[in-house]
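One structure is given here, and the rest of the page talks about it.
Readers should treat all values here as calculations from the given coordinates under stated rules, not as data from a laboratory. These numbers come from a predicted model, not from an experiment. Cβ placement follows ideal geometry from the backbone for every residue including glycine, while neighbour counts extend to all protein chains displayed.
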Amino acid sequence: MSPQEESDCPRFDQAHSFSSSDRRISALVRHLTVPTHASPMDSISAAPTSAFGTADSVFAHVVQAPEDPILGVTVAYNKDPSPNKLNLGVGAYRTEEGKPLVLNVVRRAEQQLVNDRSRVKEYLPIIGLAEFNKLSAKLIFGAESPAILENRVTTVQCLSGTGSLRVGAEFLARHYHERTIYIPVPTWGNHPKVFTLGGLSVKTYRYYDPATRGLNFQGLLEDLGSAPSGAIVLLHACAHNPTGVDPTLEQWEQIRQLMRSKGLLPFFDSAYQGFASGRLDADAQSIRMFVADGGECLVAQSYAKNMGLYGERVGAFSIVCKSADVARRVESQLKLVIRPMYSNPPIHGASIVATILRDRDMYNEWTVELKAMADRIISMRHELFDALRARGTPGDWSHIIKQIGMFTFTGLNSEQVAFMTKEYHIYMTSDGRISMAGLSSRTVPHLADAIHAAVTRMG
Amino acid sequence: MASRAILQSRQGISVISGARWMSSWWKNVEPAPKDPILGVTEAFLADPSPNKVNVGVGAYRDDNGKPVVLACVREAERRIAGNMKMEYLPMGGSVKMVEETLKLAYGENSDLLKDKRIAAVQALSGTGACRLFADYQKRFKPESQIYIPVPTWANHHNIWRDAQVPQRTFHYYHPATRGLDFASLMDDIKNAPNGSFFLLHACAHNPTGVDPSEEQWREISHQFKVKGHFAFFDMAYQGFASGDPERDAKAIRIFLEDGHLIGCAQSYAKNMGLYGQRVGCLSVVCEDEKQAVAVKSQLQQLARPMYSNPPVHGALIVSTILGDPELKNLWLKEVKMMADRIIGMRIALRENLEKLGSPLSWEHITNQIGMFCYSGMTPEQVDRLASNFHIYMTRNGRISMAGVTTGNVGYLANAIHEVTKSV
């Protein structure tokens, strides 16, 4: 405003002690003041429908979104004042003391990075840290994988598992002839949105059998068998989330043959390599079977859990192609997906991973720590199973020790879950999924009590 | 072929089959064109010449041409190393980092902050902030378009295109004057339908370095009010333009004074040298706190299926620095130092060209501001700079002044003079 205008204008805004409504009134007053100085713009009168004189938001119609069902659990947990509360929601590893864990080897890697004064923070290339990409491919496909040796794999650094899935989905939506992806029922809550926003349409295939609390293998084969040729199929590489139910190797082989015979495109989500059985190679078997037959597939890898790098958002997306030439072209197109999304990925977490994977000692140290985490989870499974048996809790709870990975699909229904939250301050997702990582020897009895009460009182 | 596979497996023969005969699903995938900006660095790296100069990518270099990690950043990293839990941040990112970041853009004592009227989330640097906003715009104003200045950072077009928001352009750069085409800009603002969405560079316009004056910003803001337009500010260079973050936020403050409910993308890539950490912030000013809560929740809904939650490391560096008065002061000093060096290089480059007796006017080098100078050179001249002189810049003639040093400014001036003197 010109000095002339300013003197015409009541100066409410100078009094800081005024309330927010006073401040808004003063802002409106400033809008309503007609400028008195001559300017070339004066000949334009305000359009009748213009916003002149109002402060209406163009987004006034935006309603509050519901809480994310998984992350919302932690929000609710944080609000609870009870000393007995237990967070079994998010799949983040906890120690026996219930504390988050930063792996020793990760600390070592971080120190190395901090102490290296030659390191800079420049932009990574669009596809991320080259060494990280190579090492990640070796980790999941095996260092001697023919696909790697033949340069048929393109691997790009992405933002953890979510980012890898999203980049993959966007790539498929642009370059693949089929736009439908089949996802298992149930699956990680974020999967449908990732694929939908990525431009694919989502269908389902049967997976979990509530009656057995195991795999509905027949249903799976039927549903994949009736999918249109070329359809994309999402497969959890190991430690299925949320059920913890994995196919056996023999079942995987059947799935592979069926998919290859129908030309279905495998899209693996590998979020728990090493975390399921405690052995990195064993947990990658499903993927390696598909790669070994010479066919193509997509793989999203996350280091959130197995290296405890959750918040650093470290992951890798790979496409195994028929030829090196195809892999190169595919890689160039992946860049076009990534650049308008975030330009290039964050450097810190990938540097930690590369530091660890490239060093024999650190790699070995990592495998030991990883196995310790996986072993602790397995022992929690056994403790919970034993505790329920000791209480004579009705039902067959053997699925707790049969399921694998971070989660147990308890089979509890949403009413029982709500009861457990209200009466016992147990926080879990309403589908009955509990994160075993959130349990300790100390808290297992409390959970067992809660389950027992829920089952006996609420049927 | 498929039935043979099943038959063999029933017979108990272990056979890997069924896939070898199939051709690739990706046969028809074309090789993508190289990114025009990042491709320059690739070409530079491949050049063996000892005289090569990279004035392509906008990443700051010191007077020795070396990348810089700010002292405040090193100290922050030292403090946080070994202490980080690395747990997931909330979907909206680090609350502390966002709070400090909003203070920078909106002013420490902003009423908007006091009244909690700003919906804000941590984003993946400037790109991520723009993309989140574009997705949000698509979802909640599906009939809207985005007006983008000519020229602009090339990736802006990609971002809104991938968000499926239709684009239009508005006049900005005036090639004849190598300055702002203010009259055409104002015409475009007036002629756009009421309530249009505009992308504005808050300061240090990329790639031209041409910014409206304060008076011009006031007129733009006024006309925006008349038309009810939405202003989305991309602020990637706060502090980097003039050396003073408060001054560089002037355009935004003018709009806020006028009551506009703006959107803003902020980046710490350049001004804190955190390029590869991908730290930034997206904010949307709302009518009241309730609306801000709603809008923030919707921004989170867009982030969740893209990357779930943003990276923690860079955010922690930022909040460590901005949350500590001593470190913050150190940062302000270092930002000013970077800006001053660039301003010094602008003066040196212009003086060198004038001393060489160039027939052209090079005033624009010192009139323009920020990291880039829009030299006015043609693509052919740029190509000759690369092939004859091993000097690399984007083909629009944009020079990243950050790549200019006392060591190479003479060589650069000479080369520019050589390719332009017969124009």
Cα principal axis extents for chain A, largest first, Å: 84, 62, 54
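Please compute, for peptide B:79-91, the average count of beta-carbon atoms on other protein chains lying within 10 Å of each residue's beta-carbon. The partial results should precede the final answer.
Working: counts 0, 2, 6, 5, 3, 7, 8, 18, 10, 12, 3, 4, 3.
Across B:79-91, the average partner-chain Cβ count within 10 Å equals 6.
If I stretch the segment between residue A:358 and residue A:67 completely, what's the gain in nm (0.36 nm per residue apart, minus their alpha carbon distance), one decimal? Present the calculation step by step, with values, prior to reporting the outcome.
Numbers: separation 291, 0.36 × 291 = 104.76 nm, distance 4.00 nm.
Gain on stretching residue A:358 to residue A:67: 100.8 nm.
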Integer Hz, Karplus 6.51/-1.76/1.60 couplings in order for region B:361-374, x for Gly and Pro: 8, 10, 4, 4, 4, 8, 6, 6, 9, x, 6, 10, 10, 8
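Quick one: grab the alpha carbon gyration tensor of region B:248-322, order the square roots of its eigenvalues as a ≥ b ≥ c, and give me rounded if a/c is under 1.5, else prolate or oblate depending on whether a/b is larger than b/c. Walk me through the numbers before you get to the answer.
Numbers: a/c = 2.41, a/b = 1.20, b/c = 2.01.
Here region B:248-322 falls in the oblate category.
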Rounded to 10°, Cα long-axis angle of helix A:160-175 versus longest principal axis of chain A: 80
Cα gyration tensor category, rounded, prolate or oblate, for region B:141-265 with a/c compared to 1.5: rounded
Using a Förster distance of 22 Å, the FRET efficiency for residue A:177-residue B:161 (Cβ separation, nearest 0.05): 0.50
Whole-Hz ³J(HN,Hα) from phi, Karplus 6.51 cos²θ - 1.76 cosθ + 1.60, for region A:185-191, glycine and proline x: 10, x, 8, 3, x, 7, 4
Value of [θ]222 nm, deg cm²/dmol, for the protein assembly as shown, DSSP H segments ≥ 4, -39500 (n - 2.57) each, nearest 500: -14000 deg cm²/dmol
Contact order normalised by residue count of region A:123-358, Cα under 8 Å, 6+ apart, percent: 31
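So if I average 1/r over every pair of distinct C-alpha atoms in region A:123-358 and take the inverse, what Kirkwood radius in Å does that give? Walk me through the numbers before you get to the answer.
Numbers: mean 1/r = 0.0569 Å⁻¹.
Its Kirkwood hydrodynamic radius stands at 17.6 Å.
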Average beta-carbon neighbours from other chains, 10 Å sphere, peptide A:116-127: 5
Percentage relative contact order, region B:294-413, counting C-alpha pairs under 8 Å, at least six apart: 21
Sequence of B:355, B:333 once ranked by neighbouring C-beta atoms within 10 Å, starting from the fewest: B:355, B:333
Length released on extending from residue A:130 to residue A:325, taking residue separation times 0.36 nm less the Cα-Cα span: 68.4 nm
Ordering of A:345-355, B:255-265, A:122-132 by burial proxy (mean other Cβ atoms within 10 Å per residue, highest first): A:345-355, B:255-265, A:122-132
J(HN,Hα) series, region A:197-207, from Karplus relation 6.51 cos²θ - 1.76 cosθ + 1.60, nearest Hz, glycine and proline x: 5, x, x, 9, 9, 10, 10, 10, 10, 5, 9
Cut-off 13 Å between beta-carbons: net charge of the residues surrounding residue A:200, Lys and Arg +1, Asp and Glu -1: +3
Under-5 Å amide H pairs with residue B:179, H placed in peptide plane, nonlocal only: B:174
D_trans [Stokes-Einstein, Kirkwood Rh over alpha-carbon pairs] for the protein assembly as shown, 25 °C, 0.890 mPa s, µm² s⁻¹: 84
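Which net charge results when you count Lys and Arg as +1 and Asp and Glu as -1 among the other residues whose beta-carbon is under 13 Å from that of residue B:32?
Numbers: positive: A:174, A:328, A:329, A:335, A:339, B:34; negative: A:331, B:30, B:35.
Neighbourhood net charge equals +3.
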Length released on extending from residue A:107 to residue A:457, taking residue separation times 0.36 nm less the Cα-Cα span: 121.3 nm
Per-peptide average of other Cβ atoms within 10 Å, ordering A:206-214, B:149-157 highest first: B:149-157, A:206-214
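Relative contact order, percent, of chain B when contacts are C-alpha pairs under 8 Å separated by at least 6 residues? Please list the in-between numbers first.
Working: 738 pairs, mean separation 101.8, N = 423.
For chain B, the relative contact order is 24 percent.
How many Cβ atoms of partner chains, on average, are near each residue of B:312-319 if near means within 10 Å of its Cβ?
Details: counts 8, 11, 5, 1, 2, 2, 0, 0.
Across the residues of B:312-319, the mean count of other-chain Cβ atoms within 10 Å is 4.
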Ordering of B:166-179, A:75-88, B:216-229 by burial proxy (mean other Cβ atoms within 10 Å per residue, highest first): B:216-229, B:166-179, A:75-88
